[in-house]
Amino acid sequence: TAVVNPHFTVTGTISMQGRLDRSGVLVTLTGVDQHPFTYGPFKSISTSLLSGNLSFAKMIMGNYTLTTDQERYLNVEEGILVAISDTKTTLNPLELKGGNTDWNDNEINIDDASIVGSQYGTAGVTDGKANGDANFSGKVDIFDLALVGGNYGLNGNVYNTWIP
């Protein structure tokens, strides 16, 4: 005998604080309790659509952990539990918090402020080196400083209250 599991397309919306362009965020769903196999990881990269910019095809019912991977933003690193079922195939919107210019950690602190301060007034991401351009606008300016200042002290735990 064979077990046939129904599959679903799971959609969601992800945005980045301080940016109009929503494309390029890597989101991963990894199965945690499917038996006898663990499914995934399933990866999706956000598109520029204002809503419904994430899509995961052929997901089966079960629990998954969701993680994100976006430079210069706080990421969901430890994974948030997402339950997928025939009645739950749409994720609630998630906004990534900006200002994590020191991408070696997942917190916004003095190191991030120092990067923006030292690069203030320079060109942004065109050469890939100006991490101070927190919002990828092409220049390190007051908007980057506002992201760091407004989110100062936050870390990846900021998403613990998000209900997928």
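Coordinate-derived values only; no laboratory data. As the structure is a computational prediction, the values presented were derived from the model and not from experiment. Positions of Cβ are backbone-derived with ideal geometry, glycine not excepted, and every protein chain shown enters the neighbour counts.
Of LEU154, PHE143, SER23, which is farthest along the charge dipole of the chain in the positive direction, counting Lys and Arg as +1 and Asp and Glu as -1 at C-beta?
Toward the positive end, the furthest listed residue is SER23.
What nm distance separates the two modelled labels at THR90 and SER137, each placed 7 Å from Cα along Cα→Cβ?
My value for the distance between the label points is 3.3 nm.
Out of the DSSP beta bridges found with both residues in the chain, what percent are antiparallel (nearest 5)?
The antiparallel proportion sits near 85 percent.
In percent, how large is the relative contact order of segment 8-63, given Cα pairs closer than 8 Å and 6 or more residues apart?
46
In percent, how large is the relative contact order of the chain, given Cα pairs closer than 8 Å and 6 or more residues apart?
Result for the chain is 21 percent.
Pulled fully out, how much extra length does the chain show between LEU26 and ALA146, if you take 0.36 nm times their separation in residues and subtract their Cα-Cα distance?
In short, 40.8 nm is gained.
Hey, any idea what the orientation-averaged projected area of the convex hull of the chain's Cα atoms comes to, in nm²?
10.0
For the chain, how many pairs of lysine residues have a Cα-Cα distance under 25 Å, where the two are 8 or more positions apart or belong to different chains?
Total qualifying Lys-Lys pairs in the chain comes to 7.
Based on the Cβ-Cβ distance of PHE42 and SER114, what FRET efficiency does E = 1/(1 + (r/R0)^6) give at R0 = 41 Å, to the nearest 0.05?
0.65
Relative contact order for segment 28-88: what is it in percent, counting Cα pairs under 8 Å that are at least 6 residues apart?
Relative CO of segment 28-88 lands at 31 percent.
If one takes the longest principal axis of the Cα atoms in the chain, at what angle in degrees, from 0 to 90 and to the nearest 10, does the Cα axis of helix 110-119 lie?
Roughly 60 degrees between the two axes.
Which value, to two decimals, describes the C-alpha radius of gyration of segment 69-140 once divided by 2.2 N^0.38 Å?
1.39
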